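Structure first, commentary second.
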């Protein structure tokens, strides 16, 4: 083991501890730069080894005597490099410290400690190897061979010197650190121990070259040699590099070098103190604070209490973080809601005396709408009810701080939330959180969805409304817009309906009674026994609140609470003698919807605008066609085949029809509409043409199944499919479904034949296996019937959960009549306000849903169906006018539809029973033809004066003769052939000759045909019945 490793493993050695402490505390010091001539001196070539000891003593004594004689003449002026060190040191010295000059004078005096004469031992101290200083020499720096070592300069010395050097005590090294000038005059070599680093300053001229070994960061380095009579150099360690102090001749170097050493020592001490303090501060930081673990044993309760405190603190911090997170999110969401809020418009709803006029397509007045016909609302100004208690009653029960808040009431909102929590799971809240101002905003904007966005925007609009209007104006709007049950709006209409008097004549009890209704109009309905009792309890609560707020005194309260109210019975609310047609009512509904969606009106404001603001509505109604349709629905023979049996029926049959124009200039306009049989006796009743959603049955097949499949090139009119029992019911895969009418299966059959015969198995196969429901429903949506969520296989037969109206079905069929071009059916063209400004204008948009060739081929198939289907042709032919159409029957024959069209008009008819009260009545078999008969009666009157025309046919459609068995181009040997239409732009048109029927060989004898066996496939053609056979699922 090396000496260094032994020192490391022996910490009890005081020298080792001393050196480690010095190395820890002493930082490396960089000396000032040396002159250029000193740098050159450092590159002197290495010299030979030192002389023996005897010669060395003689030379030292001679050199010392010479130096003593010249010492008096030596100038004490330091070298420029030393002067810079002194100037730098003077900045850090305290007032009581000695100056460098004083230290020089002190060091020039004789030392009290005399050192012995030079000896080889002293030499060994000066040349202490790296092992003594606890550093390892590099392998390149020292070479060991035969007990000798060679340093970096090539000088060789014995290892015996190391043993002497290691035996030197720490005291000798400290005494050698300060050597007097007398010792230097006798040629004694001075060894300075500098905090763990041994430095040597030569104090005499040697007879031969002399080397000074300096520790340089753990490496023993050899300073350059110099001549005997040359200048003496002081080699100073500078961050691992050997550098020279200034050079002086003779004995002048002794005192200057001593001053430099003193300055160097002072500077190192100063920096050493700073470094020590820095280490001390760092150590204090590391050990500061309380111990991480208590040395004493704590009790279990103390540990539990400490754990509870820490847990509570952690939960509290987490709670604060969560609250801050949600507040930040809420603030961001609220900012987004307010930024996206639409501007709030205050509409003038004051009473007007201008009637609304409805015009037909010719500009003639078709109907006049007045406020009395609305009969649900009558405007009353603030001056007429201010003297009553109606405003105080509303404020007391709806918003007690209405007169002081700025639009929203935070206290009321908090109270409503608490009330909601208390009534969670049952009960009715006593009040909401909305102020009267917020309710006005809600009633005027029509925004009533339950969402945070709507509520936040409502708050912002309420604050803005408070800034723009006075409290009197806001309460005036409220009492005229508030719902008062039984479709009455405003206190004036309610006062007349329930008490038979104007609002200005109401007493305290009547005002309190009316003020309680708007909270829940259906619960507080005065015309029901249960609602009346609830309304009276609500009235007492209102009176108590008014007394609490000081709006009435005790005497008034007692009088009102004991008063018996007399409420009028319901009367016929329609006081006008004019009954509007189904068409006019449909127009009003469409205008109302457009005002809400496009103009931002609320339902209440839309009704006010239609009935009391003098609008002018220009409709698409053709008065002649409307009159023809209405006359058809007055014929008793078209209601039932056996009209005499109607009194015994549980309910009367009903029907509806919608007629739409196919002419280019009026395409998509509804020209006639009827919503029920018989005489219309009331206004705004049930309009079956626009409100009766019923299953369309097989009438959906051309636009949902076959039309899209042909348009995509999946099938053609001549594609042969197999009509046989199929298993397409996902819930009962082992049961055959769907079933054809009469459970008849026809084997190989073309698409044309499947449509004409209304084959259900082929329709479901095309829809479910070849087209997919998603594609079919996407076409249906583009035709104005959105049922994209109903992807069940039964949809191929029209079995939708949400059916279609006759208006929707007629609109979808217009795409087939107009070469695949579709537009949404519309009832009006423009709506003008009282000043003649355009309020609404309907601009139709057209979309090419089917390719022209597809629409033309499907139309040709439907023409064939109407003219040749045994259950349609006898009742629907419009000779000589060409027409196309398809029937549809829902399951159990609850609904029966027929959609047909000519180049002029498209019409769809629904026939059945309302079945509105849970009682289901099926259509008798003899009445299944009634929708076809109604359609023919109306369309025959329309086309009576019109010249007959045929449907257009695209030039890309060609006729080809195909084999009925293969669906390919027929040969002369095919047993059964027919001509079919094909789209030449579609790649699905047949291009291959039928391979089933080739030319017979001459060697084969001809097969004698059996006259009893028919040629070709067996096609079951049912005999023409008196009516279409009853379908099993959908026909």
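Name every residue in region 993-1015 that is modelled with pLDDT of 85 or more and assigned to a loop (DSSP other than H, G, I, E, B), in order of residue number. If you could, list the steps in order and put the result at the bottom.
At the first step, the residues of region 993-1015 found to be modelled with pLDDT of 85 or more are 993-995.
Across region 993-1015, the qualifying residues are 994, 995.
Condition test on residue 562, is it at pLDDT below 95, over 22 Å from residue 378 (Cβ atoms) and buried (at least 17 other Cβ atoms within 10 Å of the Cβ)?
No; evaluated as a whole, the condition is false for this residue.
Is it the case that residue 608 is within 20 Å of residue 377 (Cβ to Cβ) and in a helix (DSSP H, G or I)?
yes
What is the number of the single condition among (1) in contact with a strand residue (DSSP E or B) (Cβ under 6 Å, 6 or more places away or on another chain); (2) surrounded by fewer than 21 Cβ atoms within 10 Å (Cβ to Cβ); (3) on the phi > 0 side of the Ramachandran plot that residue 733 does not meet?
Looking at each condition in turn, residue 733 falls short on (3).
For residues in region 322-362 being at pLDDT 90 or above and not in a strand (DSSP E or B), which is surrounded by the most Cβ atoms within 10 Å (Cβ to Cβ)?
Restricting to residues being at pLDDT 90 or above and not in a strand (DSSP E or B), the top hit is 360.
Under 30 Å from residue 667 (Cα atoms) and free of Cβ contacts under 8 Å to residues at least 60 places away in the same chain: which single residue out of 539, 624 fits that description?
Testing whether each residue is under 30 Å from residue 667 (Cα atoms) and free of Cβ contacts under 8 Å to residues at least 60 places away in the same chain leaves just 624.
Within region 883-892, is there a residue that is assigned to a helix (DSSP H, G or I), buried (at least 22 other Cβ atoms within 10 Å of the Cβ) and in contact (Cβ under 8 Å) with a residue 60 or more places away in the chain? It would help to see each step written out before you state the result.
To start, the set of residues in region 883-892 that are assigned to a helix (DSSP H, G or I) comprises 891-892.
Still in the running and buried (at least 22 other Cβ atoms within 10 Å of the Cβ): none.
Within region 883-892, none of the residues are assigned to a helix (DSSP H, G or I), buried (at least 22 other Cβ atoms within 10 Å of the Cβ) and in contact (Cβ under 8 Å) with a residue 60 or more places away in the chain.
Could you look through region 893-919, keep only residues that are part of a loop (DSSP other than H, G, I, E, B) and modelled with pLDDT under 95, and pick out the one that is nearest to residue 702 (Cα to Cα)?
The extreme case among them is 894.
Which numbered condition trips up residue 537, out of (1) under 25 Å from residue 401 (Cβ atoms); (2) surrounded by fewer than 19 Cβ atoms within 10 Å (Cβ to Cβ); (3) under 41 Å from the mean Cα position of the chain (by Cα)?
The failed condition is (3).
What are the residues in region 594-605 that are assigned to a helix (DSSP H, G or I) and surrounded by fewer than 20 Cβ atoms within 10 Å (Cβ to Cβ), if any? Can you show your working first?
Within region 594-605, the subset assigned to a helix (DSSP H, G or I) is 594-598, 603-605.
Within region 594-605, 594, 596, 597, 598, 603 meet the criteria.
Filtering region 950-978 down to residues that are closer than 13 Å to residue 716 by Cβ and outside any loop (DSSP other than H, G, I, E, B), which residue is nearest to the chain's Cα centre (by Cα)?
Of everything passing the filter in region 950-978, 957 is nearest to the chain's Cα centre (by Cα).
Check region 635-656 and report whether any residue there is under 26 Å from residue 802 (Cβ atoms) and under 46 Å from the mean Cα position of the chain (by Cα).
Yes, region 635-656 contains a residue that is under 26 Å from residue 802 (Cβ atoms) and under 46 Å from the mean Cα position of the chain (by Cα).
With respect to residue 673, determine if the residue is more than 23 Å from residue 925 (Cβ to Cβ) and surrounded by fewer than 20 Cβ atoms within 10 Å (Cβ to Cβ). Even if it seems obvious, please write down each step before you answer.
On the way: more than 23 Å from residue 925 (Cβ to Cβ): yes; surrounded by fewer than 20 Cβ atoms within 10 Å (Cβ to Cβ): no.
Criteria not met by residue 673.
So residue 521 clears everything in (1) in a loop (DSSP other than H, G, I, E, B); (2) crowded, with 21+ Cβ neighbours inside 10 Å except one condition, right? Which one?
(2)
The values are calculated or read from the model by the stated rules, or taken from the named source; none is laboratory data. Since the structure is predicted, the reported quantities are computational estimates derived from the model, not experimental observations. So basically every Cβ, Gly included, is an ideal-geometry build from the backbone, and we count neighbours across all protein chains shown.
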